[in-house]
Amino acid sequence: MAFPERLLAADEEVVLHLHPHWKKLILPVLVFLVVAGLGGFGAATVTVPAVQIAIGVAALALILWFTVRPAATWAATHFVVTTHRVLLREGVLSRSGRDVPLARINDVSFEHTLFERMLGCGTLVVESAGERGQLVLADIPRVESVQSTLYQLVEDDADRRSVTRGDGT
């Protein structure tokens with residue numbers, strides 16, 4: 001799903017549009033497989049229709065809560081890097097967001113554990129000069145590449161601003 005163009009400024013372009021790393025979906029998929037398997041087995045071995053329906057309803061409720069809800073949350077979480085800012089948008093029913101202009105970014109760092117290195121993800125920490133300070137983005141895929149790209153965009157933005165002000169070369 002592309003990031004909505006209506007949320008961008010006229011001369012702004014999306015450079016990176018990411019969702020959290022797929023590791024966030026491992027547990028929901030496992031829960032789905034176990035619940036669907038056990039629910040199907042339980043409904044097949046029980047001969048009382050009311051109990052079969054109860055098993056089906058319980059399995060459906062578990063799948064909705066432990067599989068569909070986390071998958072929808074994953075899909076509704078957007079990490080977006082544009083030519084002007086870093087955006088975080090999250091939430092399914094209620095939404096929240098945070099934007100950090102590239103011009104206010106002081107530092108971009110990342111960290112990842114050994115397990116996250118094996119999976120190719122990590123946490124990106126964006127330090128800004130604003131009131132709210134750090135923007136911590138967890139479970140970013142290809143975090144080292146994203147950090148490098150973001151750093152380059154910050155440098156390009158600074159160059160663009162100095163040329164626009166007339167104090168650059």
Q.
Anything in the stretch 117-153 that is more than 17 Å from the chain's Cα centre (by Cα), closer than 16 Å to F79 by Cα and of a type in the set (A, V, I, L, M)? List them, or say none.
A. L153
**Q.** Selection within the stretch 113-151 - part of a loop (DSSP other than H, G, I, E, B) and either of a type in the set (A, V, I, L, M) or under 16 Å from R98 (Cβ atoms) (or both)
**A.** A129, G130, E131, R132, G133
Q.
Among the residues of the stretch 35-50, what is the count of those that are part of a helix (DSSP H, G or I) and either surrounded by 13 or more Cβ atoms within 10 Å (Cβ to Cβ) or acidic (D, E) (or both)?
A. 7
Q) For the stretch 25-60, which residues satisfy the criterion of being closer than 30 Å to C121 by Cα and free of Cβ contacts under 8 Å to residues at least 40 places away in the same chain? A) I26, V29, L30, V31, F32, L33, V34, V35, A36
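Residue-by-condition table, conditions (1) crowded, with 17+ Cβ neighbours inside 10 Å; (2) without any contact (Cβ under 8 Å) to a residue 40 or more places away in the chain; (3) in the same structural domain as V136 (by TED's automatic domain parsing):
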position: V86; (1), (2), (3): yes, no, yes
position: V92; (1), (2), (3): no, yes, yes
position: S96; (1), (2), (3): no, yes, yes
position: V100; (1), (2), (3): yes, yes, yes
position: I105; (1), (2), (3): yes, no, yes
position: F110; (1), (2), (3): yes, yes, yes
position: L114; (1), (2), (3): no, yes, yes
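The values are calculated or read from the model by the stated rules, or taken from the named source; none is laboratory data. Since the structure is predicted, the reported quantities are computational estimates derived from the model, not experimental observations. Cβ coordinates were reconstructed from backbone atoms using ideal geometry, including for glycine residues, and neighbour counts include every protein chain displayed.
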